[in-house]
Structure formats: C-alpha cells, structure tokens
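To keep things clear, I will list the structure first and then write my remarks on it.
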Amino acid sequence: MTGTTIARQLILAGTIAACAAEPALAGNPADSPEQTKAIGIDVARRIRAVRIDGGKLAIDGLLEEAAWRGAAEGTGFTQTEPHDGEPATERTSVRLLYDDRAIYVGIRAFDDEAERICARLARRDDECRSDWVYVYFDSYDDNRTAFCFCVNPAGSRMDGLVFDDNSLDMNWDAVWDVGTSIDDDGWTAEFAIPFSQLRYNGNPSWGFQVRRVIDRKSEESHWARKPKNTYQFVSIFGSVTGLDHLPHVRRLEVMPYAVTSVDAWGARDDDPFRRDPDGDFRPGIDIKYGLTSNMTLDATINPDFGQVEQDPSEFNLTAYESFFEEKRPFFIEGSSLFQFRLMFGDGDSERLFYSRRIGRAPQFHPLDSKRYEGRDTDAFHEFTPRFTTILGAAKVTGRTESGWSIGLLDAVTDKEEARVALPGGERQAVAVEPMTNYLVGRARRDFNDGESTVGAILTSVSRDRSNDDMSWLNRDAWTGGLDLTHRWGDSGYEIDVSVMGSHLRGSTDAILDAQTSSARYFQRPDASHVDVDSSLTHMEGYAAKIWGGRFSQGRFRFGLGYIARSPGFECNDLGYMQRADRNMGVYWMQWRGWEPGRFVKKYSTNINLWRSWNFDGEMYDLGGNVNGSCMFVNEWEIYGGFNREQSVPSLTLLRGGPSVLVPGYWSGWHGINTDTRKRIVLGYDGEFNVDDESVRRYWASPWIQFKPSDRFDMTVRTEWNDRHFGQQYVDEVNGRYVVARLDQRVFRLTTRFNCTITPRMSFQLYAMPFVTAGTYRDFREVTDPRADRYDDRFAPYDYENDPDFNFKQLRSNVVFRWEYSPGSTLYLVWSRGATDYEEEYGRYSLGRDLDRMWTAPSDNTFLVKFNKWFSL
C-alpha cells in the first residue's frame, strides 16, 4: 500500500469523522436541558399529528383540504448554513396528518423571490443542486435511526436511511407518493408515506425533523435546531405526538420481473462461442414481508442486475485485488446494518463483509483444469460466464422491542461451468466455481440514550468442494467480531473499539494458498516469525481496532487510532482485506472554521501521522501529511496537501521474495472547482510524486459539468497519468527476483449524461474509454535488497521476455428507466464493451490507440427488464 493511499485513509478516517458535523447530517443528543442549552439546542420542539378519515387527501401539492388547515403548524426554522443559529431567511411551515394507511406531511416553503426558486429535474436519489425539503422520522424513537424522504419543487425524489445517529444510506428505497406545486408565494410539498414502508414499535411519539435547502442562498435550515458544531443528528430531533392506535401492519410486497436479453458478440471468426447472437429469457421475483411492524424479510429468487452501471476499467499491476463499489439494489439496500470496518473511517474499503463476493466472477480458469495438464491449450477456445448465478438470497432486518438492531443475510450461488472447444470440434464443460452458501449475521444494541452501542457480527462461507480442480478454495471460512462505541462530553468525544477473529478450513492446497497469498507471504525468506506449513488444513487469526478522539464541539478536533492483525487473520472469502500481519498507529488533528467571513465561508486544516510494522517488528510505513480545504463565499472550493513517506523496506514488492528497501518520497495533491450552483461548473484535480531517487509521477484530471436546462446535465472528466516506477516487479527466474524501470501512461475519459423527462422517467448514458501502455527497461536482479543505493540493491540482468503492454478498453451503457406506477419499473438497456490488448508492445499513441479501441470487436448486450410491484 502506498503512502498516498494511507494518507487518503487517514484523511478519510479523521476528516469524515469530523465532517459528520457538516450540513448533511449532524446533531446532538438531549441528555438534559442544561447540557443542550449550553450549545443552543431546543429540546422541546413538538408538533401534534391529527388523525383523519382515510381517502380525504389528493396528493397534489396544493394543501387545499380542510384537514390541512385544522392541523397544528410547525414554524420557526433556524439556520445551520451559512449563519449558524440565526432565523431562516424564508418562512417554512409544516403540518402532519395520518390515517390507518399512511402519515401525511404538508410543507409550505414561502419565498419572497418565488421566480428564483431552483427546481431541477433529476432521477431518483440524485441530490442535484436545487431547492429541497427533507422529512425525517425516527419511528423507532431510538435516537439512532431515521427514515428520510426528500423532494424538490420539480417533484424529484430521494429517500434514505439514517443510521448510527449521523450516517446516511441513500440506497434504502420505499414506495411512497409526493406532490409539489409552485406559486407566487413559494412552493409546497405534500408527502404520503404508507405505514407499510416504515418500521415502528407502537410508541405514540416519534422523533421528527424537517430540513429545508434554498440553493441560490446556499442556505440550510431545520425545524429542530441543528448546530453546526455538533456530531449527532437523529438524537436532537424534535418529536411528533398524537400517533395513537397505529395499525399493526403485516406488510407483503411482491415484485415479479422478467428479463429478455440478447448478447451480440464482436466478429471473432476463430472462436465458436462468439459468432452468433445469444438470446436469453429469465424470470424472477422479489418479496418483502413484514414479520412484525419493525422486522422485515426480503427475499429474491433468480435476481437480475442487468440495469446496473458497469465497473470502471483498470489495469492492475499491484499485488492486491481491486475493490469495486456495490451497485446491485438487493445488496445495497440496508447495507449500513452489516458494516464492520477493519480500518478507521467510512472511506476505507477493508471490511468483514464485502457483498461483491456473492455472485462474483468465477475464480477458476477452465484451461487450468487438471484434465488438460501437459496439453497445448493455445488452440483451445473457452467461454466463461461473467458472473456466478445467484439462485436465491434472503435477509431479515429490523429492530426488536428490547432495542436490538438485527440483520441476517443468506445467499446461495450455483455451480458454474465454462465451455471449452477443442480442436476438431469437441466441446467440454469445466467447472469454474462451486455451489456456495454465504451467511452474514449482525446485531447491535444502543443504550445510554443512544450514546453507547455494542454489537456483533458473524460471517460464514461454505463451498461444495467435490471438484478436484478447485481444491485450492477453502471449504469453510468463518469470521466474527465484537464492537463497542461510546460518546461523552456532550457527545464531543467518541471511542470505537472492535475485536475480530477468523477460521479457515480446507485442503492442504487451500491453506497453502492462503499462507502464500499477497495478504501475508509466509514464504518470504527473511521473515523470521512465520513459516509455510504445507500440511495444515486450517488457519486461525485475530484482529483489533481502536479509534477515539474529539470529533465535534469546537474548532479543534483530534483522533488517535491503532489496529492489529495477526499473520493468520483472513477474511477475504466474504470480506475484503489487502494485508494481514499488520500493526498501525495513527494520529489525526484538525482545526476548522465555519463562520462566513468577508471572503472565506469555511475551511479546515489537518495533520496526519502514521507508522506501520509487522508482528516481527519490521517497520514498513512511516510518514505524515498536512492538508486543507477552503470554500469561499462565492462557493468556489480549493483543497491541497503535502505528504512525506520515509524510506522503509517493502515486504510485498517481490511477491513473496525478501523485503527490499524502497526510497522515500514527497507527494502532493490539489484541486479546485467553481460554484456548483451554476449552469457550467469547472474543476481540476491533480497529484504528483517525486521519490528520493528522482523518479516522478504525475496525475491530472480536468472536468466540466454542463447543465443546459433543468432536465439535462452532462459531466465529462479526463484523466491523464504519467507514471514512472524505479523498481517495478517483473518476475522470478530460478530464484532470482527481477525488477525493471517502468514507464506507463494512462488515459481515461468518463462521460455521464442524464436526461430526466419526468420525476419517474429518465435516460442515462455512461461511457469510459480507457487506454494504458507500459514500457519496461533497465532490467535488474536483486542482489542486496536492503542497500541504500539503487545500484547496490540491484545488478543488471539480461531478461529474455518482453513484458511491454498496450491495453485499450471501452465500457459503456445506456439505460432508459420508467417508473410507470409506484414501485413498478421498465428498463431498456444497451451495454457495449470492447477490449484490445497488445503484448510486447508498449508504445503509447493516443490517436492510434483510440482508433484501435473503436475498431476492436465489441460485445453488445440488449436488455428489456419489466417488473410489477404488488402490495398485498
């Protein structure tokens, strides 16, 4: 892991913890009036909901019915941005009604300049720059969890789930209705939220909050005041009372769907599997059932994710597996409950549960099968499925009466087979992934008015290992963990502690593979504290994390953290981890200002320090950085930082060879963007790296966002990377470790175009051409890996092969989405992919490379997906 990567982790660890007090989500628990009075929180805000007869309201955004006029009115909104604690500049009123089916919220957003209301159309859950109103219900009344419903004047909608008091998960989706209207006095929003979409325990009083955003003023205000310097959000809600005799809903929602697709392959005359179009029809069903009013079962049979955007292209030369964000609806909805991080902050990818493992690409290459040992496979052709089929998955989530938040997820993936065509026309099936069961259980309980939580997690992977070809896969893999968080000092201070353990079982091949993987490299010849044991059929390990500090209440914040992972700790069967055998200590400090001045609106500066070592005491990371960001009163933003990594041995550079000294380096990053409220937004991001042996790297990424109307927006980002590596690993030849100087260039162009026809109908385009080429030179073998000078560490070596490369890839998809009725959607999708790879050719010529990419054989998928939502 590079120092720049660690720097980013630390920035995210500390800055995200601190930035939880930014406008999006924050708050303060009301332990007592004396505590909250000191920071200006109104703990007594209440509004009463009025029961009405069902069917009396037309959800049109006009609020003309007599029931609205008879409901209690909530007013007196207070600014959080830009002038904390001052009254909102525009009046806002809120009223609540309910019947046996739903709770209704009516909001009147007055505006003295109604002609300047910003009402942009956007697809669902796209928080574009616009005026907005947000409604939050803490229906559990636990000071930790809230359901969020949002709308802008154009009727664009968002919904999400607030968890852990101040973290927001926008992947939660519900079926609800809202109407909006604009007039000379401002605009109105009329929400109808069915009780079937909420979770509650029968308490007649819920936590309640309303937030309003006025885009042209960059103003944010709340009904229950939310001071800027606080770390909480849900725990300082006001309350809605009068919710008597709520229905005990037994929710049953069924959504059958059908997918028709055609795969059209690029012209590959010599490949029998990629000649003719391949059609497919797949039915499936999603089920949601309310076990109780606060516990829900979600199940899916034969799920399809064809409408999901493709992953970005990459060319990975590191020892570690790439991490990709989850994009599949079934797994991202409610995913916050299953989080269990190995590192500090939400920005780090390492975790015990990584849902992309479920339905992953098959792990075995069919031509590596033992049946083909000793045969020349160059003339063979194979076709491997892109993903493993998920036969079915189910999860139970919710909250018990005693205050436990529960999550249980189980999924079964099918055995996958690849097809192999042998010379002469014979075809064979080769297993490439075994049938596998994945299980995750998570439980958390909060107490002390939401200031403290305890929790546990358990994950399990069980594989059918009857195929000898896949003996290197673990038969069973278990991980477990316990975590504790506690806040004190008006919630300004927090500590987060977790401990974890892992257990693997499998054949000797499987455990040997785990011992020699990039996560640990037990075979490293200069490692005195670990050894490879080829007779083992199991492996165990442990890990721990502690992170604490002051993350709110004042301009100065700090954090201290430590992690430990034993050499045998392993969670990659269902989690994501780059390396075990690790100790790391960090320190973070921040000074921030948020009161607008003459030129500056808000700013922050950070200092980060870290040190990493393995369980033998070998240090492999030592560094620090200084960074900061600033927003000006005109909404322009800048950021930047400098990072220093000391020269230390790398334990992974030689992929299991001896540790080798790598030079220290200086790096920096910087960026700027113009006012995001404008029709045209310009930005630039950049990085540089210069090591102590004068090897340089540069990365530059200018971008533009264009919003020609309230229906259209387009973002184009160009990335150009000029990489130079002084000692890039190449190969091991007869016990000699070979490195070389690598000159690599990378070009990436990411284009996103959105057209929102109505709040329920949208058109999206995503396209990414990617080009990279690398030339290896000055091949060397390792002679004295810890020597200070480059020429002493390595000696010239006559390497016979040519590892130069030129790789081009285009990934794109077009998605038309129409929610033709609440919860029911039609998708039309076209996905296109093309790849061109040239071995032993490392010249970079952008014009030539793009031309080859466009003319390379392309794979096209055309898909129609239709689903229908039923509530029974």
Open item on the list: Could you derive backbone 3J(HN,Hα) for the range 866-871 from the dihedral phi with the Karplus parameters 6.51, -1.76 and 1.60 (θ = phi - 60°), listing whole Hz in sequence and x where the residue is Gly or Pro?
Closed with: 10, 10, 9, 8, 10, 10
- [ ] Taking the Cα centre of the range 693-816 as origin, work out the dipole magnitude from +1 charges on Lys and Arg Cβ and -1 charges on Asp and Glu Cβ, in debye rounded to 20.
- [x] 1000
TODO: Report, to the nearest whole %, how much of the accessible area of the chain belongs to carbon and sulfur atoms, 1.4 Å probe, protein only.
DONE: 53
Open item on the list: With a 1.4 Å probe and all protein chains kept in place, how do VAL782, VAL262 rank by accessible area, largest first?
Closed with: VAL262, VAL782
Task: Accessible area in the full protein assembly, largest first, 1.4 Å probe, for VAL440, VAL633 - done: VAL633, VAL440
Open item on the list: Given a 1.4 angstrom probe, what's the average accessible area per residue across the chain, in square angstrom?
Closed with: 40
Open item on the list: Among CYS630, SER650, GLY668, which residue has its Cα furthest toward the positive end of the charge dipole of the range 522-679, with +1 on Lys/Arg Cβ and -1 on Asp/Glu Cβ?
Closed with: CYS630
Task: Separation between Cα centres of the range 543-611 and the range 320-370, rounded to whole Å - done: 22
Open item on the list: With the alpha-carbon atoms as the only input, what is the per residue convex hull volume for the range 37-149 in Å³?
Closed with: 160
- [ ] Sort out for me the Cα centre separation of the range 464-490 from the range 773-818, rounded to whole Å.
- [x] 33
- [ ] List, in order, the whole-Hz ³J(HN,Hα) value for each residue of the range 465-482 obtained from phi through the Karplus relation with A = 6.51, B = -1.76, C = 1.60 and θ = phi - 60°; use x for Gly and Pro.
- [x] 10, 7, 8, 5, 4, 10, 5, 7, 8, 5, 6, 9, 9, 10, 9, x, x, 10
- [ ] Once you have the Cα-Cα distance between ARG419 and LEU846, take 0.36 nm times their residue separation minus that, and quote the gain in nm to one decimal.
- [x] 150.1 nm
Open item on the list: Using Cα-Cα distances under 8 Å and only pairs 6 or more residues apart, what relative contact order does the chain have, in percent?
Closed with: 10
TODO: Please list, in chain and number order, the residues 5+ apart from SER156 or on another chain whose amide H is under 5 Å from its amide H, with Hs placed from the backbone.
DONE: ALA122
Task: Semi-axes of the equivalent ellipsoid for the range 255-368, Cα gyration tensor, largest first, Å - done: 31, 25, 11
Task: Angle in degrees between helix 846-855 and the longest Cα principal axis of the chain, rounded to the nearest 10 - done: 80
- [ ] Using a 1.4 Å probe and ignoring any ligands, DNA or RNA, find the accessible area of ASP53 and quote it in Å² to the nearest 10.
- [x] 110
TODO: In debye, nearest 20, what is the charge dipole magnitude of the chain about its Cα centre with +1 on Lys and Arg Cβ and -1 on Asp and Glu Cβ, if you could check?
DONE: 1640
Open item on the list: Taking the 0 to 90 degree range and rounding to the nearest ten, how far is the long axis of helix 3-19 tilted relative to the main principal axis of the chain, both from C-alpha atoms?
Closed with: 10
Task: Solvent-accessible ranking of SER218, SER535, largest area first, probe 1.4 Å - done: SER535, SER218
Task: Candidate lysines - alpha carbon under 28 Å from LYS226, same-chain residues fewer than 8 apart omitted - done: LYS37, LYS217, LYS601, LYS602, LYS678
Task: Computed accessible area, LEU651, all protein chains, 1.4 angstrom probe, square angstrom - done: 20
Open item on the list: Need the list of lysines near LYS288 for cross-linking: C-alpha distance under 23 angstrom, and skip anything on the same chain fewer than eight residues off.
Closed with: LYS327, LYS395, LYS865, LYS868
Task: Label corresponding to Rg and Dmax of the Cα atoms in Å when calculated from the structure given, among (1) 28.4, 89; (2) 38.8, 128; (3) 33.0, 103 - done: (1)
Open item on the list: Treating only the Cβ of Lys, Arg, Asp and Glu as charged (+1, +1, -1, -1), what charge dipole size does the range 483-622 show about its Cα centre? Round to the nearest 20 debye.
Closed with: 1200
TODO: Putting +1 on Lys and Arg Cβ atoms and -1 on Asp and Glu Cβ atoms, find which of PHE344, HIS365, PRO385 reaches farthest to the positive end of the dipole of the range 319-468.
DONE: PRO385
TODO: Mind listing the long-range amide H neighbours of TYR620? Cut-off is under 5 Å, sequence gap 5 or more, other chains count too, H placed in the peptide plane at 1.01 Å from N.
DONE: SER612, TRP613, ASN614
Task: Karplus 3J(HN,Hα) series, Hz, for the range 237-245 with 6.51 cos²θ - 1.76 cosθ + 1.60 (x for Gly, Pro) - done: 4, x, 9, 10, 10, x, 7, 8, 6
Task: Area accessible to solvent at THR389, 1.4 Å probe radius, in Å² - done: 60
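The values are calculated or read from the model by the stated rules, or taken from the named source; none is laboratory data. Because the structure is a prediction, the values reported are computed rather than measured. So basically every Cβ, Gly included, is an ideal-geometry build from the backbone, and we count neighbours across all protein chains shown. When the accessible area is computed, the model is the full protein with side chains, heavy atoms only, and any ligands, DNA or RNA have been set aside. Shrake-Rupley method; radii C 1.70, N 1.55, O 1.52, S 1.80 Å.
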